[in-house]
1. Out of the residues in region A:47-60 that are assigned to a strand (DSSP E or B) and either within 15 Å of ligand 3 (Cβ to nearest atom) or at pLDDT below 90 (or both), state the one that is farthest from the chain's Cα centre (by Cα).
2. Return the only residue of A:D104, A:D96 being more than 7 Å from chain B (Cβ to nearest Cβ) and open to solvent by 50 Å² or more (accessible area, probe 1.4 Å).
3. Looking only at strands (runs of 3 or more DSSP E) that fall completely inside region A:61-107, which ones have 2 or more residues that are among the basic types (K, R)?
4. Would you mention how many residues in region A:65-87 are surrounded by fewer than 18 Cβ atoms within 10 Å (Cβ to Cβ) and in contact with an Asp or Glu (Cβ under 8 Å, 6 or more places away or on another chain)?
5. Give all pairs with beta carbons closer than 6 Å in which a residue from region B:219-233 that is free of Cβ contacts under 8 Å to residues at least 60 places away in the same chain and within 7 Å of chain A (Cβ to nearest Cβ) meets a residue that is open to solvent by 20 Å² or more (accessible area, probe 1.4 Å) and in a loop (DSSP other than H, G, I, E, B); count only pairs at least 6 apart in sequence or on separate chains.
6. How many of the residues in region B:191-218 are more than 7 Å from chain A (Cβ to nearest Cβ) and more than 23 Å from the chain's Cα centre (by Cα)?
7. Taking the options B:I14, B:I56, B:I49, name whichever one is crowded, with 19+ Cβ neighbours inside 10 Å and aliphatic (A, V, I, L, M).
8. Within region A:62-93, which residues are in contact (Cβ under 8 Å) with a residue 60 or more places away in the chain and more than 10 Å from chain B (Cβ to nearest Cβ)?
Amino acid sequence: MTQLALVIDLNVCVGCHACVTNCKQWNTSGAAGSLVDCNPYEAEPNGTFFNRVQTFEVGTYPNTDTVHFPKSCLHCEDPACVPVCPTGASYKRKEDGIVLVDYDKCIGCKYCSWACPYGVREFDEQRKVMTKCTLCVDRIYDESLPEDRRKPSCVLACPPGARLFGDVHDPESAVSIAIRERGGYTLMPEANTKPANHYLPRRKTTVSVRSDELYRSDNPHKIDGAPFDKNLPPTNEELN
Amino acid sequence: MRPAFSVLFLTTLIGAAQGLFIALFACELLAAESLPSSFFVGGSILVLIMSVLGGISSVFHLGHPERAWRAMTMWRTSWLAREGIALPAFMASVFAYGVSHWLGWGHTLAVGTFAIVIAITLFVCTAMIYGAIKVLKEWAHPMTIVNFIVLGCASGMTLAAAYASFTAPEIAGVLAQAAFWLTILGLITRGVSLWRNATLRPTSTLQTAIGIRHPHIVQKAQGSMGGSYNTREFFHGKSPAFVRGVLLTLILGAFVLPLVLVLMLPLLAFIIQYLGLLAERWYFFAEAQHPQNLYYQGKS
Ligand code: SF4
Ligand code: SF4
Ligand code: SF4
């Protein structure tokens with residue numbers, strides 16, 4: 001059984017919001033109608049987005065980490081939003097595990113958004129229906145697109161490539177390997193929704209420099225026979 | 001959660017309607033001979049009016065009321081769909097009950113028993129709409145069902161006492177007594193859940209929400225500047241003083257004042273208790289802390 005999902009690498013995301021803009025652009029241009037924008041040029045601009053990037057500061061100054069955290073529907077394997085829907089408008093596709101809302105059936109009761117722990121469903125104030133990330137179901141199977149473009153808009157837009165897309169049930173897929181090898185985790189596991197989307201944690205990226213590397217023979221800055229230069233950055237050994 | 005006013009009216013109106021019907025049927029069981037059929041017909045009309053008003057107000061909650069019929073389709077999984085079936089079924093069976101009294105068809109006990117079963121089913125469905133949302137720990141508890149039933153019965157019984165004081169004064173006193181004790185019971189059961197919710201420890205934290213195990217995390221941006229559906233729907237946006245005021249209003253309005261008044265002035269007691277229950281339902285929403293709020297704690 002296939003379960004398509006996004007895997008988001010928090011170690012790579014730079015918080016540029018390119019995924020947010022491209023998601024909005026793609027989904028506002030689709031057949032389902034535009035994603036509303038209220039007061040776009042006034043005070044309190046707000047509107048419907050399927051994907052948002054939030055920013056958190058972890059730690060206390062000066063030892064802080066700024067973590068950019070993209071958040072969209074996690075296409076849960078046991079989605080809390082689906083069984084509560086009284087109309088069947090919210091459903092999970094058997095063939096690929098994508099959770100969708102049928103905008104023609106939705107009565108706009110908002111009950112599904114109460115049941116989702118993650119706050120990723122947004123009621124569209126113009127169309128009066130519940131909306132959320134579709135995993136770009138209208139892109140990923142579109143045979144009129146070149147094969148390498150059959151990916152979610154947000155994935156294609158991400159400049160550093162922080163967003164991976166694939167089948168998390170296929171152990172050999174790039175996303176499964178990333179989850180396995182880079183400590184992929186899910187959000188709020190205690191909610192028992194078994195999110196399909198995973199996040200890859202921040203990693204400590206340290207560069208350890210040994211003196212023989214700094215003064216190695218092919219170092220272009222090395223002048224043969226010259227004495228040790230105090231202006232060069234200290235090596236690890238000198239620091240310790 | 002932000003209290004949804006149409007839902008406040010819906011649940012308080014149909015709760016009192018169901019309670020009133022249960023009171024009517026109890027009257028028929030215990031004192032049928034001494035009561036004219038007009039007492040039951042009038043009572044059924046009152047139940048129907050309140051249920052219809054509740055139904056109408058619920059429609060205002062929907063983005064697409066014209067599709068409301070669809071809300072009955074997923075009764076296998078959704079308590080909201082089950083309520084969507086149970087409410088019309090309740091109205092229909094109360095209608096049948098009133099008509100059988102009016103036309104003297106007999107079998108009123110059978111029809112009434114059926115309607116009672118539906119009334120209790122409807123209580124369970126309404127309460128389980130909230131009780132089934134596992135992430136809202138304040139709601140996902142059997143006390144939610146207990147409170148919906150007890151508070152509905154208490155307000156319905158107070159209304160029955162008020163109704164009887166005009167139409168059947170000989171039983172008004174007994175009904176007022178019953179309303180008094182049901183309101184005491186409600187004070188206890190709602191008190192238990194108020195206390196439980198005030199001392200609940202949330203399961204989810206900002207750490208589990210974003211998966212970063214650090215004791216000190218501060219949100220700097222939430223992906224919007226002018227708010228979003230998530231900031232509108234899940235926060236009531238009122239000051240702690242206002243919320244405390246509502247708590248006081250609900251304790252006085254739904255319990256203390258009706259207890260003082262019900263034996264002398266049942267109609268006034270019902271009006272005050274109804275308003276008090278609106279405050280109670282407001283508080284029911286406001287006290288529910290949705291875990292999604294963890295993602296919307298700050299912006300800059
Ligand atoms: S993240 Fe929320 S809306 Fe998306 S599938 Fe899970 S429960 Fe449903
Ligand atoms: S808002 Fe729409 S999708 Fe959500 S529960 Fe109601 S009918 Fe279903
Ligand atoms: S998969 Fe598509 S709909 Fe979902 S967040 Fe990405 S761009 Fe938006």
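1. Result: A:G47.
2. A:D104
3. none
4. Of the residues in region A:65-87, 2 are surrounded by fewer than 18 Cβ atoms within 10 Å (Cβ to Cβ) and in contact with an Asp or Glu (Cβ under 8 Å, 6 or more places away or on another chain).
5. So the pair list comes out as B:G226/A:E44; B:G226/A:P45.
6. Here is the first cut: in region B:191-218, the ones more than 7 Å from chain A (Cβ to nearest Cβ) are B:191-202, B:205-207, B:213, B:215.
Filter once more, keeping what is more than 23 Å from the chain's Cα centre (by Cα): B:201-202, B:205-207, B:213, B:215.
Going through region B:191-218 one residue at a time, the tally reaches 7.
7. Within the list B:I14, B:I56, B:I49, the selection yields B:I14.
8. A:S72, A:C73, A:L74, A:H75, A:C76, A:E77, A:D78, A:P79 - these are the residues of region A:62-93 that are in contact (Cβ under 8 Å) with a residue 60 or more places away in the chain and more than 10 Å from chain B (Cβ to nearest Cβ).
The values are calculated or read from the model by the stated rules, or taken from the named source; none is laboratory data. These figures come from a predicted structure and were not determined experimentally. Reconstructed Cβ throughout: ideal geometry from the backbone, glycine too, with neighbour counts over all protein chains shown. Side chains are part of the model used for accessible areas, which takes the heavy atoms of the whole protein and leaves out ligands, DNA and RNA. Shrake-Rupley method; radii C 1.70, N 1.55, O 1.52, S 1.80 Å.
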